[in-house]
1. For segment 51-78, which residues satisfy the criterion of being of a type outside the set (A, V, I, L, M, F, W, C), surrounded by fewer than 12 Cβ atoms within 10 Å (Cβ to Cβ) and more than 26 Å from residue 147 (Cβ to Cβ)?
2. Check 123, 182, 108 and return the single one that is assigned to a loop (DSSP other than H, G, I, E, B) and among the aromatic types (Phe, Trp, Tyr).
3. Of the numbered conditions (1) in a loop (DSSP other than H, G, I, E, B); (2) under 20 Å from residue 39 (Cβ atoms), residue 93 fails exactly one; give the number of that condition.
4. Test residue 103 against the criterion of being more than 21 Å from residue 58 (Cα to Cα) and in contact with a strand residue (DSSP E or B) (Cβ under 7 Å, 6 or more places away or on another chain), and give yes or no.
5. Please indicate, with yes or no, whether at least one residue in segment 127-138 is free of Cβ contacts under 8 Å to residues at least 40 places away in the same chain, assigned to a helix (DSSP H, G or I) and loosely packed, with under 14 Cβ neighbours inside 10 Å.
6. Kindly establish whether residue 52 is among the charged types (D, E, K, R) and modelled with pLDDT of 85 or more.
7. Take the conditions more than 17 Å from residue 123 (Cβ to Cβ) and surrounded by 16 or more Cβ atoms within 10 Å (Cβ to Cβ) and apply them to residue 146. Does it pass?
8. Output the residue which, of all residues in segment 93-115 that are touching a helix residue (DSSP H, G or I) at 6+ places or on another chain (Cβ under 7 Å) and among the β-branched types (Val, Ile, Thr), is farthest from residue 140 (Cα to Cα).
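The values are calculated or read from the model by the stated rules, or taken from the named source; none is laboratory data. What you are looking at is a predicted structure, and each value in this text was computed from that prediction instead of being measured. Neighbour counts run over all protein chains shown; Cβ positions are idealised from the backbone, glycine included.
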Amino acid sequence: MKKLISIVTVILMVLGLMIPVFSSAEAVTAPAPAATYKWVNCENGKTLNVREVPSTKAKVLCHVECGKRLEVIEQVGVPAGWIKVKVNDKIQGYVMTKFLWNTKPGKYEITEREDNFKAVNPYIVTAKALNQNTEKSVGLRVKPNKTSNMIRRLQAGDQLKVIAAGKVWSQVVDMLTGRTGYVANDYIE
């Protein structure tokens, strides 16, 4: 019996010594999930409406310019095609997912607004080569956006008539085909 009491006492002493070890162990917590962001790329270069609820008839809380980064708060199940976002770390609302990209749209990917184009006295320009490669040139596009359909691939030296000028794109008439389209200003001279 003395032997059993001695064993129990030793076990209790060992456990007693371990209590401070267990109590000083820090709680392990999972790291907070990283914020998810999406970038605005509106059709026709218009601003994106951030709405109070996921509906095109809902109150507009603010407008967001193309190329702006938005923090994603949560996906919306019903109605489909909407997402809850945070604008400027303060306004929370809903936007249509079809106007959001996973990566920041480049300079030529954002569709320039139609009201940015100013009619000009027509003048002739030539298409420039891409990256100094005379075999390649810029695309003549249906809309002022590098992701829009291409009318044709221009060759370096092709002549175009500028009929309206924008900040990033120009509206031109292709002198070879007579078709009207858009070309990036950096690729004409």
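1. 55, 57, 59, 74, 77
2. On the way: 123 fails: assigned to a loop (DSSP other than H, G, I, E, B); 182 fails: assigned to a loop (DSSP other than H, G, I, E, B).
Checking each option against the conditions leaves just 108.
3. (1)
4. Numbers: more than 21 Å from residue 58 (Cα to Cα): yes; in contact with a strand residue (DSSP E or B) (Cβ under 7 Å, 6 or more places away or on another chain): yes.
Answer is yes for this residue.
5. Step one: of segment 127-138, the residues free of Cβ contacts under 8 Å to residues at least 40 places away in the same chain are 129, 131-136.
In the following step, the residues that additionally are assigned to a helix (DSSP H, G or I) were identified as none.
No, segment 127-138 contains no residue that is free of Cβ contacts under 8 Å to residues at least 40 places away in the same chain, assigned to a helix (DSSP H, G or I) and loosely packed, with under 14 Cβ neighbours inside 10 Å.
6. On the way: among the charged types (D, E, K, R): yes; modelled with pLDDT of 85 or more: yes.
Answer is yes for this residue.
7. yes
8. So, considering only residues that are touching a helix residue (DSSP H, G or I) at 6+ places or on another chain (Cβ under 7 Å) and among the β-branched types (Val, Ile, Thr), the one farthest from residue 140 (Cα to Cα) is 110.
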